[in-house]
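Data first, discussion second: the structure below is written as structure tokens.
The values are calculated or read from the model by the stated rules, or taken from the named source; none is laboratory data. Because the structure is predicted, anything quoted here is derived from the model rather than measured. Virtual Cβ from ideal backbone geometry, glycine too; neighbours counted across all protein chains shown.
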Amino acid sequence: MTSPSSPSRARWLKTLHQWHWVSAALSLVAMLLFAITGFTLNHAADIEGAPRTTQLEAQVPPQLLQDLPPAGDAPLPPQLQAWLDKTWRISTAGRDAEFADDEIYLSLPRPGGDAWLRISLPDGAAEYEHTDRGWISYFNDLHKGRNTGAAWRWLIDIFAAACVLFSLTGVGILYLHAKNRPMAWPVLGLGLLLPALLALLFIH
């Protein structure tokens, strides 16, 4: 492959270097997080911690269980949400609960753990159970975008775009320097060939 002429090459090199460092700065933390959690996910069975479960019980004031939505899925009434936040420091905003004739059930999954809430309508008895699987599980779930919400999923998309830009500008810089680095393309080809061979030969 031939490189562009000197003035054109200098302009391209300057532009690529600029976008390369900008995309590197944007994606550095994300690449470290995803590289480390890629390792922990690959060895999850060996390093996953033991989950810790907390169970709480309380009595909901009768006035908070009046004028509830009909059977089906709907958000908890604001007064009941405020009581739960004050009593157990849990946020239920933006989540739909399952309303039945005899109970309210709300699933509260989160990165690195799980939780649920049940309120018995006949007597107002409330049960809350929270399971914490530890920090490794938390970051593994961030890697997968599991129970993280829309904001985190958007952040993953932005970081992914930055990583793609970082990689493509790296290839462009490599192309412009390839004349003085004869091993550049063979090493790049090996980086493509090795995972392809492993996938074809060992993944069935």
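So, SER91, is that one crowded, with 16+ Cβ neighbours inside 10 Å, among the small types (Gly, Ala, Ser) and not in a strand (DSSP E or B) or not?
On the way: crowded, with 16+ Cβ neighbours inside 10 Å: no; among the small types (Gly, Ala, Ser): yes; not in a strand (DSSP E or B): yes.
No: the conditions fail for SER91.
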Task: The one condition in (1) under 29 Å from the mean Cα position of the chain (by Cα); (2) surrounded by 13 or more Cβ atoms within 10 Å (Cβ to Cβ); (3) closer than 25 Å to HIS20 by Cα that GLY113 fails to fulfil - done: (3)
Task: Residue check, PRO70 surrounded by fewer than 10 Cβ atoms within 10 Å (Cβ to Cβ) and touching a residue at least 12 places away in the same chain (Cβ under 8 Å) - done: yes
Open item on the list: Could you go through the stretch 149-168 and let me know if any residue there is in contact with a strand residue (DSSP E or B) (Cβ under 6 Å, 6 or more places away or on another chain) and at positive phi.
Closed with: no
- [ ] Name the single residue, out of those in the stretch 32-51 being of a type in the set (A, V, I, L, M, F, W, C), at pLDDT below 90 and assigned to a helix (DSSP H, G or I), that is nearest to ALA161 (Cα to Cα).
- [x] ALA44
Open item on the list: Can you tell me which of (1) under 30 Å from LEU117 (Cα atoms); (2) under 29 Å from the mean Cα position of the chain (by Cα) is the one PRO69 doesn't meet?
Closed with: (2)
- [ ] Report, ordered by the first and then the second residue, all pairs with beta carbons closer than 9 Å, sequence separation of six or more or different chains, a first member in the stretch 20-42 that is in contact (Cβ under 8 Å) with a residue 12 or more places away in the chain, and a second member that is not in a helix (DSSP H, G or I).
- [x] THR40/GLU48
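Being among the polar types (S, T, N, Q) and more than 27 Å from TRP135 (Cβ to Cβ) is true for just one of GLN55, GLN66. Which residue is that?
Values: GLN55 fails: more than 27 Å from TRP135 (Cβ to Cβ).
Checking each option against the conditions leaves just GLN66.
Yes/no per residue for (1) loosely packed, with under 15 Cβ neighbours inside 10 Å; (2) in the same structural domain as ARG146 (by TED's automatic domain parsing):
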{"site": "SER27", "(1), (2)": "no, yes"}
{"site": "PHE39", "(1), (2)": "yes, yes"}
{"site": "LEU56", "(1), (2)": "yes, no"}
{"site": "GLN59", "(1), (2)": "yes, no"}
{"site": "GLN66", "(1), (2)": "yes, no"}
{"site": "LEU76", "(1), (2)": "no, no"}
Open item on the list: Please list, ordered by residue number, the helices (runs of 4 or more DSSP H) wholly in the stretch 106-204 having 1 or more residues that are farther than 26 Å from ALA45 by Cα and either free of Cβ contacts under 8 Å to residues at least 60 places away in the same chain or in the same structural domain as MET31 (by TED's automatic domain parsing) (or both).
Closed with: 150-177, 184-202
- [ ] With respect to TYR175, determine if the residue is surrounded by 13 or more Cβ atoms within 10 Å (Cβ to Cβ), farther than 30 Å from TRP88 by Cα and out of contact with any helix residue (DSSP H, G or I) (no Cβ under 8 Å at 6 or more places or on another chain).
- [x] yes
